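Structure first, commentary second.
FYI, it's all coordinate maths here, none of it is from the lab. Since the structure is predicted, the reported quantities are computational estimates derived from the model, not experimental observations. Cβ atoms come from the backbone with ideal geometry, glycine included; neighbour counts cover every protein chain shown.
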Amino acid sequence: MNSPLLPWKTASSTGSVGMVLPDWTLATWVGEDCPERAYRVPIRFEVAFEVTPVVQVALAGFDHDQRTSGRIRLTVADLTPDGFTLVITTWRDTRVYGVDYSWLALRY
């Protein structure tokens, strides 16, 4: 069965966050078993989607203390047709000073 091709709607961008932000805690270290720390970046689409899109986030680069392992995770939270929250997480003794990221939202 043939179905008509539907136009894809897309949105994408890049960004950087880091220590210059007042609530940045990813560079804070309080010992070997330092708890997981997260920084949340609200992302709003320039034009809202009609329905909730699929979103892919990617790590484009990061600056961390070279004395420890580079532990970092990027996830999507609170996804709606208007935007989402990018959650950047690190744990244990990793100190992250800055993160560069990109994202892509798709919907047909």
Under 5 Å between amide H atoms, partner at least 5 residues away or on a different chain: which partners does ALA60 have, H built in plane at 1.01 Å?
ASP100, TYR101, SER102
Pairwise label distance in nanometres, ASP100 with GLU50, each label 7 Å out on the Cα-Cβ vector:
3.7 nm
So, with points 7 Å from each Cα along the Cβ direction, the VAL87-ARG67 label distance in nm works out to 3.0 nm
Only Cα pairs within less than 10 Å get springs; with that Gaussian network setup on the chain, which residue of THR68, THR80, THR25 has the largest fluctuation?
THR68
Determine the relative contact order of the range 9-107: mean sequence separation of Cα pairs under 8 Å and six or more apart, normalised by residue count, in whole percent.
46 percent
Charge tally in the Cβ shell below 13 Å around LEU74, where Lys, Arg are +1 and Asp, Glu are -1, LEU74 excluded
+2
Lys and Arg at +1, Asp and Glu at -1: neighbours of ALA105 with Cβ under 14 Å from its Cβ sum to -1
Estimated inter-spin distance, ALA60 and TRP29, nm [label 7 Å along Cα→Cβ]
2.7 nm
